[in-house]
1. Could you please tell me which pairs satisfy a Cβ distance under 9 Å, a separation of 6+ or placement on different chains, a first residue in segment 14-25 that is farther than 12 Å from Thr51 by Cβ and assigned to a strand (DSSP E or B), and a second residue that is acidic (Asp, Glu) and open to solvent by less than 60 Å² (accessible area, probe 1.4 Å)?
2. Could you give every pair whose Cβ atoms fall below 6 Å, whose first residue belongs to segment 36-47 and is under 10 Å from Arg59 (Cβ atoms), and whose second residue is open to solvent by 50 Å² or more (accessible area, probe 1.4 Å), counting only separations of at least 6 or pairs across chains?
Amino acid sequence: MAGTAVADPGGAWCSGNMCYNESDAPALATGDYTCPSGLVFPSFAIVPPRTAVPIFPARCS
């Protein structure tokens, strides 16, 4: 999946269908998600410290 990573000063970002956090505290990760149809939506998630979470925007269906 294509995605544009937007780095957060705290070390959190989203890319494709995943959001990542490399910091020692929960953080808001942001980026863009490209749906299989080609539509692009902003993505964001609150990500626990030093982990990754999958995302799937509801508008992709």
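1. Going by the 9 Å Cβ cut-off, the qualifying pairs are Cys14/Asp32; Ser15/Asp32.
2. Phe41/Arg59
The values are calculated or read from the model by the stated rules, or taken from the named source; none is laboratory data. Predicted, not measured: the structure shown is a model, and the values here were computed from it. Ideal geometry is used to build each Cβ from the backbone, glycine not excepted, and the neighbour counts take in all protein chains shown. The protein model used for the area step is the full one, side chains on, heavy atoms only, and it has no ligands, DNA or RNA in it. Shrake-Rupley method; radii C 1.70, N 1.55, O 1.52, S 1.80 Å.
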